[in-house]
Amino acid sequence: MAFTKLGLSPEVLEGVQAMGYVEPTPIQLRAIPLILAGTDVIGSAQTGTGKTAAFALPILTKLQHHATTPRVLILEPTRELAAQVETAVRDFCRFTDLRVAVMYGGVGYGAQREALRTGVDILVATPGRLLDHLGQGTCRLDHIKYLVLDEADRMLDMGFLPDVRRIVEKCPRQRHTSLFSATIPPEIGTLINWAMHTPETIEIGARRTPAETVKHVIYPVADSQKSDLLRELLEKVHYDSVIIFCRTKHRADRIAHMLKKNNHAVAVLHSNRTQREREQALRGFRDGRFEVLVATDIAARGLDIANVSHVINYDVPQHPEDYVHRIGRTGRAEASGDAFTLMVLEDVTHVQAIERFISQKIERTKLEGFNYSYTILFDESKHGDLAARHRSIRAVRISGGYYFGPAKRRRR
Ligand code: AMP
């Protein structure tokens, strides 16, 4: 099925063609007709499935021409996602007279106020900054016809749901609402019941399995050798660009510092960095000035960074869906990619949760030539339930005894 058969306006189609899209993705095939028909849509879908175009193209078709007040509001959890979606929408509507603006915190109000004053049709915003504008009276939502709640589960994780509710309350009841979320936890279910009108659910890309184009493996390693292994992996593997995920901002900074000292061109992306620093990091990574991007999950969620050849999980993600999400940064749009996860003993439970989530055992491997110290992880198959073993080890440590193995062998 071609885009031309979906009922999009000629101007929007021109925009799609200029983007080089040939065929609609599954979510676009299903969502576009529904949104054009005025049905509220729940997209159980992640970034990387083409969901931005799935909601933007029919909405732009419906808007037709520029008017003075915002008629579309797209809420995003992070500044980077807001900026990315704004760019995409701007590209889609470049052959129309529609105007797009983006509002997020960490930057001045001047340009955003000016955009609102001169008239925008489509607002892409993060909740906090939008509420600021609403409070200051620089923005009104009483003409919103299309509301898009994107990455709703991330908004929940980040504590934005009360803000989202306040914003939805300021939109007219007579409107079309779309909501996208990789998972639908109960809080999102409540939001759906409250904010949406007989919605249709499209379940695409709530991908529990990583893309087939991604080869992903686990490198078991002793905790003390993690950074050495990372350094050596970067030396031995032929990569074009690599994203390294860390659990905390502090760890991200530490790893970035270490790699810089090893002469890698490194950018860092986490929420303690200023907006300017984050933009510079992303731009530099996208245009190839930095070969390595060290990031935390929140900063990197959903970012559309093309041509990443490798993803390295320096830390195992705490939430199984983040694993799929992280390694989805590589192997995008038919390109193939590799994803490596460093696993230490305390990660065993999380790795098991990931393997349950994706319904597959991830291959364990070793880096040839690396001078490994022994860890019990190398004998994983021999030792049965390593997670239980690790729990008992921790119990011994916490109770202050010596550790010579599992609890029952503890010496006094
Ligand atoms: P999204 O899930 O909206 O973040 O999109 C992921 C990536 O797929 C972006 O780089 C889009 O530009 C690209 N994309 C979206 N729809 C299509 C399509 N129909 N054909 C080719 N690429 C697409």
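The values are calculated or read from the model by the stated rules, or taken from the named source; none is laboratory data. This structure is a prediction, so every number in the text was calculated from the model and none was measured. Here Cβ is always computed from backbone atoms with ideal geometry, including for glycine, and neighbour counts include all displayed protein chains. Heads up: the accessible areas ignore ligands, DNA and RNA and are worked out on the full protein's heavy atoms, side chains in. Shrake-Rupley method; radii C 1.70, N 1.55, O 1.52, S 1.80 Å.
Grab the beta carbon distance between Asn193 and Glu277, set R0 = 35 Å, and tell me the FRET efficiency rounded to 0.05. Can you show the working numbers first?
On the way: r = 40 Å, r/R0 = 1.14.
The value I calculate is 0.30.
Give me the net charge of Leu134's neighbourhood, meaning all other residues with Cβ under 12 Å from the Cβ of Leu134; Lys, Arg count +1, Asp, Glu -1.
In short, 0.
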Under the helix-only model (-39500 (n - 2.57) for each DSSP H run of 4 or more, divided by the residues of the chain), the mean residue ellipticity at 222 nm, to 500 deg cm²/dmol, is -11500 deg cm²/dmol
Carbon and sulfur %, accessible surface of the range 214-378 computed with the full protein complex present, 1.4 Å: 45
Note down the nm distance, to one decimal, between modelled labels 7 Å out along Cα→Cβ at Leu134 and at Tyr109. 1.6
3J(HN,Hα) from dihedral phi, the range 132-138, Karplus parametrisation 6.51/-1.76/1.60, rounded to Hz, x for glycine, proline: 4, 4, 5, x, 7, x, 8
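Past 29 Å, Cα to Cα: identify those pairs from Lys236/Lys261; Lys260/Lys366; Lys5/Lys170; Lys5/Lys51; Lys226/Lys249, in the order given. The partial results should precede the final answer.
Numbers: Lys236/Lys261 17 Å; Lys260/Lys366 25 Å; Lys5/Lys170 36 Å; Lys5/Lys51 18 Å; Lys226/Lys249 17 Å.
The answer is Lys5/Lys170.
Using a 1.4 angstrom probe on the protein heavy atoms only, line up His66, His176, His197 by accessible area, largest first.
Values: His66 60, His176 10, His197 135 Å².
Greatest to least solvent exposure: His197, His66, His176.
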Enter the accessible area of His319 (Å², nearest 10), with the probe set to 1.4 Å and all protein chains included. 90
If the reach is capped at under 12 angstrom between alpha carbons, list the aspartates and glutamates near Lys215, excluding any in the same chain fewer than eight residues apart. Asp338, Glu363
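For the range 3-203, give the percent of accessible area contributed by carbon and sulfur heavy atoms, probe 1.4 Å, rounded to a whole number.
In the range 3-203, the share of accessible area belonging to carbon and sulfur is 50 percent.
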Can you check what the net charge comes to around Thr201, using other residues whose Cβ is under 12 Å from the Cβ of Thr201 (Lys, Arg +1; Asp, Glu -1)? -2
Pulled fully out, how much extra length does the chain show between Asp379 and Asp287, if you take 0.36 nm times their separation in residues and subtract their Cα-Cα distance? 28.9 nm
Longest exposed-loop-site-free stretch of the chain, with GluC sites (Glu not before Pro), DSSP loop and at most 11 other Cβ within 10 Å? 1-211
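Please calculate how many Å² of accessible area the chain carries per residue, with a 1.4 Å probe and no DNA, RNA or ligand atoms counted.
Values: 18820 Å² over 412 residues.
Ligands and nucleic acids excluded, the result is 46 Å² per residue.
Once fully extended, how much extra length lies between His143 and Val217, figured as 0.36 nm per residue of separation less the alpha-carbon to alpha-carbon distance? Don't jump to the answer; show the numbers that get you there.
Numbers: separation 74, 0.36 × 74 = 26.64 nm, distance 5.00 nm.
Computed gain between His143 and Val217 is 21.6 nm.
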